[in-house]
Amino acid sequence: MALERTLSIIKPDAVAKNVIGEIYSRFEKSGLKVAAAQMKHLSKAEAEGFYAVHRERPFFSALVEFMISGPVMIQVLEGEGAVLKNRDLMGATNPKDAAPGTIRADFADSIDANAVHGSDSLENAANEVAYFFPATSVYAR
Ligand code: RTP
Ligand code: MG
C-alpha cells in the first residue's frame, strides 16, 4: 500500500462534545499522523464550495447549515492507505449502521450530526486537502 494523505474534518457536533482528543487518539493508534491542522468556523460559501459535489442532493442545505453551526477541526492525515484507513475508522455515514468501535458509532448522534468527514477517494483527498491547506502548510511525517 502507498503512503497517502486524506482530509478529515471533526464536525461541529463532535467539537461541541469536546472529543477532538479522543478522535485524534484513534487516528494515532491506527498509525495515521497529523500532517496539518486548523480549527475554523466555516463561512456558508466555504461549506457550499467544499460540498459542491452534493449541491443537487436533497440534504445539501441541511448539510451546509450543520457544517456552519459551530467551529470544526480540519486535519490532513498521512499514512499507508490513509484514505481507506480513515474511512474504516469513521464507520458508516448513518451512525445507526456504523460498526461498533468506529468513530461514528461512538460519537455521532444522527446522519447529519455524524461527527466526522473523511475524503472518499485519493483524487477527492488531493482536492479537499488543497481546498483548506496551501502545500507549504502540510508537513511530511
Ligand atoms: P462525509 O462526506 O461527511 O465524510 O460523509 P460520507 O462520505 O459518509 O457521506 P456523503 O454521502 O458524502 O454525504 C455527506 C454528508 O451529508 C450528510 N448526509 N445526509 N439525509 C441524508 O440522506 C444524508 N446523506 C448524507 C451526512 O452528514 C454525510 O456525512
Ligand atoms: Mg462524503
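What FRET efficiency, computed as 1/(1 + (r/R0)^6) with R0 = 25 Å and r the Cβ-Cβ distance, is obtained for LYS40 and ASP97, rounded to the nearest 0.05? Let's see the in-between values first.
On the way: r = 29 Å, r/R0 = 1.15.
The formula returns an efficiency of 0.30 here.
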Can you work out the FRET efficiency for the pair PHE59 and ALA130, with r the C-beta to C-beta distance and R0 = 35 Å, to the nearest 0.05? 0.90
Using only DSSP helix segments of four residues or longer, with each worth -39500 (n - 2.57), what per-residue ellipticity at 222 nm results for the chain after dividing by its residue count and rounding to 500? -10500 deg cm²/dmol
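Hey, which of these cross-link pairs are over 18 Å Cα-Cα: LYS17/LYS40; LYS40/LYS96; LYS44/LYS85; LYS44/LYS96; LYS17/LYS44? Walk me through the intermediate numbers first.
On the way: LYS17/LYS40 16 Å; LYS40/LYS96 28 Å; LYS44/LYS85 29 Å; LYS44/LYS96 28 Å; LYS17/LYS44 22 Å.
Pairs exceeding 18 Å: LYS40/LYS96; LYS44/LYS85; LYS44/LYS96; LYS17/LYS44.
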Note on the chain: the mean projected area of its alpha-carbon convex hull, in nm², is 7.9
Under 15 Å from a label point 7 Å along Cα→Cβ of SER137: give me every residue in segment 68-88 with its amide N that close. 72-77
Normalised by the number of residues in segment 1-126, what is the relative contact order in percent for Cα pairs under 8 Å and 6+ residues apart? 40
So what is the orientation-averaged projected area of segment 68-141, using the convex hull of its C-alpha atoms, in nm²? 5.6
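Every read-out reported here was derived from the displayed coordinates using simple, explicitly stated rules and does not represent laboratory data. Everything numeric in this text was worked out from a predicted model, so none of it was measured. Cβ coordinates were reconstructed from backbone atoms using ideal geometry, including for glycine residues, and neighbour counts include every protein chain displayed.
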